[in-house]
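Q: This is the structure I want to talk about, given as structure tokens.
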Amino acid sequence: MKVFTLTGKSGTGKSFQAVNLCKQMNIVGIIDDGLFICRNKVVGGISAKRQPTKIGAVKTALFTKDEHCQDVKKAIARTDPDSILVIGTSDGMVDKIIDRLELPKPEKRIYIEDIASEEDREAAGKYRKELGQHVIPAPTFQIKRQFSGYFMSPMRIFKDIGSLYPWRDVSEKSVVRPAYSYLGRYNISEKVMTDIVDCIKEESSFVYEILKVIVTQQQEATHEGIEIYVVANLRYGENLPKAAEKFQRDIANKIEDMTAFNVIKVDLDIRDVI
């Protein structure tokens, strides 16, 4: 296995540049902030950006907890990548990560100054300091269970690999706001969720009335999101099982799109058919 390192100060765009660098050098795995990402999939670890404090985030990024470290080591052994990029803020940090995960010594050290211009680094720092934005080099659907309510936006990155299929090679990065961000935590009230459900009801011909919407938040180390309980009356004449299933799916999709919360499930209680 070949190991490469990418180092640079915090907020200089390392995670943003990592996917492009891996494509250029044919590196298939990334170790970044406590996560092991291989072939554009999160296959092990817990993101440091979900820790409540910066100290906790640093400890997670360094794999100080044995359970976390063993999980990633097993994931690396299972996927058996031929190359890995280890990302950190200094040579000392990446060396500690390499030692903890028992990886081979790095073949090449790459610095953010080598692959990103001063203008790009300054722009990354501005987004970090002013907007609290952090990039994770993995698709949104891969990490949404860890970042319910903390997504800023997904970013699709396309690479031209030939004139026949110019848009076939697609990778995705996700922009999140960490739990330890100075911007603080936020929650969306049941009133907002009710309004969203009411909007979906207005677009539907088979929902007669929304009687109640209850939102329950679930939070675990690797799984976070909301469960939604909706009480409604439906109109007579519809295929009720099919109509109810579509209504549940529409609620989940719309709330995830509008709020960035991970919807674990939507329970629909049909009280009456009118």
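Q: Please specify each residue of region 84-107 satisfying the condition of being farther than 17 Å from S15 by Cα and either outside any helix (DSSP H, G or I) or open to solvent by less than 70 Å² (accessible area, probe 1.4 Å) (or both).
A: Scanning region 84-107 gives G92, D95, I98, L101, E102, L103, P104, K105, P106, E107.
Q: Next question. Please determine, by comparing only the residues of region 256-269 that are surrounded by fewer than 16 Cβ atoms within 10 Å (Cβ to Cβ) and within 19 Å of A244 (Cα to Cα), which one is nearest to the chain's Cα centre (by Cα).
A: Applying the filter and picking the extreme gives K265.
Q: For region 65-83, give me each residue that is part of a loop (DSSP other than H, G, I, E, B) and under 21 Å from L6 (Cβ atoms).
A: The answer is P81, D82.
Q: Further question: So which pairs qualify, if the first residue must be in region 33-57 and under 14 Å from G88 (Cα atoms) and among the polar types (S, T, N, Q), the second must be buried (at least 17 other Cβ atoms within 10 Å of the Cβ) and at pLDDT 85 or above, the Cβ gap must be under 7 Å, and the two must be at least 6 apart or on different chains?
A: Between residues of region 33-57 that are under 14 Å from G88 (Cα atoms) and among the polar types (S, T, N, Q) and residues that are buried (at least 17 other Cβ atoms within 10 Å of the Cβ) and at pLDDT 85 or above, the close pairs are S47/D33; S47/G34; S47/L35.
Q: Can I ask one more? Of the residues V72, V58, V19, which single one is within 11 Å of L85 (Cα to Cα) and out of contact with any helix residue (DSSP H, G or I) (no Cβ under 6 Å at 6 or more places or on another chain)?
A: The unique qualifying residue is V19.
Q: With the requirement that a residue be open to solvent by 70 Å² or more (accessible area, probe 1.4 Å) and modelled with pLDDT under 85, what does region 206-235 give you?
A: Answer for region 206-235, where residues must be open to solvent by 70 Å² or more (accessible area, probe 1.4 Å) and modelled with pLDDT under 85: Q217, Q219, E220, A221, T222.
Q: What pairs come out if I take residues in region 190-205 that are under 15 Å from D250 (Cβ atoms) and open to solvent by less than 60 Å² (accessible area, probe 1.4 Å) and pair them with residues that are of a type in the set (K, R) and part of a helix (DSSP H, G or I) whose C-beta lies under 7 Å away, six or more apart or interchain?
A: I196/K254; I200/K254
The values are calculated or read from the model by the stated rules, or taken from the named source; none is laboratory data. It should be emphasised that the depicted structure is a prediction, and the values quoted were computed from it without experimental measurement. So basically every Cβ, Gly included, is an ideal-geometry build from the backbone, and we count neighbours across all protein chains shown. The accessibility values were calculated without ligands, DNA or RNA, using every heavy atom of the protein model including side chains. Shrake-Rupley method; radii C 1.70, N 1.55, O 1.52, S 1.80 Å.
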